[in-house]
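Throughout, read-outs are computed from the coordinates displayed, never taken from laboratory work. All values derive from a computational prediction rather than experimental measurement. As a convention, Cβ positions derive from the backbone with ideal geometry for all residues, glycine included, and neighbour counts pool all protein chains shown.
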Amino acid sequence: MVKVNCLNPIAAVGMDLFSADYAKTENMQEADAVLVRSAAMHDLELPENLKAIARAGAGVNNIPLDKCAGKGIVVFNTPGANANGVKELAIAGLLLASRDIVGGINWVAENKADENIAKNVEKAKSKFAGREIMGKKLGVIGLGAIGVLVANAANRLGMKVYGCDPYISVDHAWNLSRDIIHVKTNDEIYKECDYITVHVPLLDETKHMINTETISKMKDGVVILNFARDLLVNEDDMGEALKSGKVARYVTDFPNAKTANMEGVIAIPHLGASTEESEDNCAVMAVKQIMDYIENGNIRNS
Ligand code: MLT
């Protein structure tokens, strides 16, 4: 019997794929395989018999990769499986940053008991006026599965989209709309764009890539979006930039105590991949990867 430990709940459509040769275990120490979503595994003791860890998601920064490599444990992620969910929330982020939807909803909530609410709508209209994204310049940093979808979708909404990714794969380049202006350096994006969205993994080179120095290269009143990883943004530097007005809006899927309370911040509790469809896709891919490895020794990244 192959024992599988789930460190986070994994969608039933994936779990149901396990044959009768697999059993769930609550005891990590007897696990042959681990399924995990966002639980941090760095401080966990990894059992000797552990063969594989599958992350139901794209980022693997919650998994101790070096430790796994040393013990011969194969680590899988599920690239692309939740890309559409994240793309849709990032597009919502662009709109939330541009139209005061949150202010408008809060106004209705505050005034819902007022019998004159319908008449007072006229006052709210000018108070919550916004701007349109059509014709504005969007810079997409990182053209992986999610970045390409965001770039193409924003382009279809009428934005002028710049993309930068020195490591873009052939498949992703193939899927990128021809209308996207593919630039060689992030600096070109910083200089040109009204909106900048990051879609890169968290690595030593990308940690705090949005900081005082990079922000200083951006346009005054730039809008920055982060639906990728929390530590891509230096929150102290972002706080300063919001205070000075250099950054007009910061939309993030990673609320941080340093900025969450500040004017201009729209923070969401890491909901990018929290859709039924994304969770199902990730679960199915992760379970298939584990079974294919345990049963056939295949290591596949899809
Ligand atoms: C990812 O890395 O794809 C996301 O963090 C997935 C998640 O929300 O768990």
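How much length is gained on full extension from LEU65 to ASP171, taking 0.36 nm per residue of separation minus their Cα-Cα distance?
Gain on extension, LEU65 to ASP171, equals 35.6 nm.
Just grab the label-to-label distance for LYS24 and LYS119, each label 7 Å out from Cα along the Cβ direction, in nm (one decimal).
According to this spin-label approximation, the distance is 5.7 nm.
Of the GluC sites (Glu not before Pro) in the stretch 13-66, which ones lie in a loop per DSSP and count no more than 15 other C-beta atoms within 10 Å?
Passing both the DSSP loop test and the Cβ count: GLU26, GLU45, GLU48.
State, to one decimal in nm², a quarter of the convex hull surface area for the C-alpha atoms of the stretch 1-159, i.e. the direction-averaged projected area. The partial results should precede the final answer.
Working: hull surface 57.6 nm².
Mean shadow area of the hull around the Cα atoms is 14.4 nm².
Quick one: in the stretch 191-248, what % of C-alpha pairs are over 18 Å apart?
Every Cα pair in the stretch 191-248 considered, those over 18 Å come to 26 percent.
May I ask you to list the trypsin sites (Lys or Arg not before Pro) in the stretch 144-183 that are in a DSSP loop and have at most 11 other Cβ atoms within 10 Å of their Cβ?
Numbers: sites: ARG156, LYS160, ARG178; in loops: ARG178.
Here the trypsin sites (Lys or Arg not before Pro) that fit, given the DSSP loop and packing criteria, are ARG178.
Please rank MET238, MET28, MET218, MET41, fewest neighbouring Cβ atoms within 10 Å first, as an exposure proxy.
On the way: MET238 27, MET28 16, MET218 23, MET41 19.
The most exposed by this proxy come first: MET28, MET41, MET218, MET238.
Rounded to the nearest whole Å³, what is the per residue volume of the convex hull around the Cα atoms of the chain?
160
Considering amide H positions built from the backbone, and no H for Pro or chain starts, which residues 5 or more places from TYR162, or on another chain, come under 5 Å of its amide H?
Here LEU138, GLY139, VAL140, ILE181 satisfy the definition.
Expressed as cubic angstrom per residue, what is the convex hull volume of the alpha carbon set of the stretch 66-173?
Working: hull volume 18.2 nm³, N = 108.
Measuring per residue, one finds 169 Å³ for the Cα hull of the stretch 66-173.
Given R₀ = 30 Å, FRET efficiency for LEU157-ALA129 by Cβ-Cβ distance, to 0.05?
0.95
Gain in length, ASP100 to ASN298, computed as 0.36 nm per residue apart minus the alpha-carbon separation, to one decimal in nm?
66.3 nm
What residues have an amide H closer than 5 Å to that of VAL251, excluding those fewer than 5 places away on the same chain, when H is modeled at 1.01 Å from N in the peptide plane?
Those lying under 5 Å, H to H, from VAL251 are ILE224, LEU225, ASN226, ILE266.
LYS184 to ASP43: extension gain in nm, 0.36 nm per residue of separation minus the Cα-Cα distance?
Gain in length upon complete extension: 46.9 nm.
What would the Debye formula give as log10 I(q)/I(0) at q = 0.12, 0.22 Å⁻¹ for the alpha-carbon point model of the stretch 1-68, no solvent?
-0.28, -0.96
Using DSSP to define loop residues, name the GluC sites (Glu not before Pro) in the stretch 156-212 whose beta-carbon has at most 12 other beta-carbon atoms within 10 Å.
Counting only loop positions with at most 12 other Cβ atoms within 10 Å, the GluC sites (Glu not before Pro) in the stretch 156-212 are GLU205.
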